[in-house]
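Let me begin by presenting the structure, written as structure tokens, before commenting on it.
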Amino acid sequence: MKPTLLFIFLPLALLFSAQLMAREQAVAIDYLNGSDDIEGIRLAYRPLTHDLTTSWFGDIELYWEVSANFWEYGDQNTHTSNYAVAISPVIVKHLTTIADKYPVYLEAGIGASLVDDRTFAGKDIGSHYQFEDRIGFIFSLDNKERHQVSVRYMHYSNAGLSNDNPGLDFITLSYIRNF
């Protein structure tokens, strides 16, 4: 099996085989607005969530997310497309609760992604292998936390694996459905 396929399928197989242990699962859809006029859609699945207690941060959640990203750049008749798949561990910390029933969280994570075309949006991103960094806020829309929205900053970079490393930056708006 090619290393690229192994990079995609091994983590996915591990996550999906362990989903029965999950406390809660979620799906998400994001709208991405990026640097250099890149726009996109991101579809994500969270098969695993773990409650953790740490000495530094107290009670936190750790969720694992697999995602598919679809990006477009350029005018309608002359646009180019690109896609990426990613797997990310994300730490979530409860910050506050609005009106005693709408929890607000901070999330941060660094994951690995595989980008289809390394030349995109007028630049060479240097490698098909990128890191997917994120930081953002999650707002619950109900006290059972079944429906949430998030606003986050995401950055894709090869972290110096290649001499070309301009990175791609996005602001995202996401709808999350926990089940």
* Asked: Which one of these does ASP142 not meet: (1) at pLDDT 95 or above; (2) farther than 24 Å from GLY40 by Cβ; (3) not β-branched (Val, Ile, Thr)?
  -> (1)
* Of the numbered conditions (1) of a type in the set (Lys, Arg); (2) closer than 21 Å to VAL27 by Cβ; (3) under 19 Å from the mean Cα position of the chain (by Cα), LYS144 fails exactly one; give the number of that condition. => (3)
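Conditions tested, residue by residue: (1) closer than 16 Å to ILE41 by Cα; (2) surrounded by 14 or more Cβ atoms within 10 Å (Cβ to Cβ).
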{"site": "VAL85", "(1), (2)": "yes, yes"}
{"site": "LEU95", "(1), (2)": "no, no"}
{"site": "GLY109", "(1), (2)": "no, yes"}
{"site": "THR119", "(1), (2)": "no, no"}
{"site": "PHE170", "(1), (2)": "yes, yes"}
* Asked: So, in the range 97-107, of the ones that are of a type outside the set (Ser, Thr, Tyr) and in contact with a strand residue (DSSP E or B) (Cβ under 7 Å, 6 or more places away or on another chain), which residue ends up nearest to PRO47 (Cα to Cα)?
  -> GLU107
* **Exclusive hit being over 13 Å from the mean Cα position of the chain (by Cα) and aliphatic (A, V, I, L, M), set VAL104, VAL151** => VAL104
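For (1) in a strand (DSSP E or B); (2) closer than 17 Å to ASN69 by Cβ; (3) in contact (Cβ under 8 Å) with a residue 40 or more places away in the chain, each residue gets a yes or a no:
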| site | (1), (2), (3) |
| --- | --- |
| GLN130 | yes, yes, yes |
| ASP133 | yes, yes, no |
| ASP164 | no, no, yes |
| LEU173 | yes, yes, yes |
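The values are calculated or read from the model by the stated rules, or taken from the named source; none is laboratory data. Bear in mind the structure is a predicted one, so any value in this text is a computation, not a measurement. No Cβ is skipped: glycine too gets one built from the backbone with ideal geometry, and neighbour counts run over all protein chains shown.
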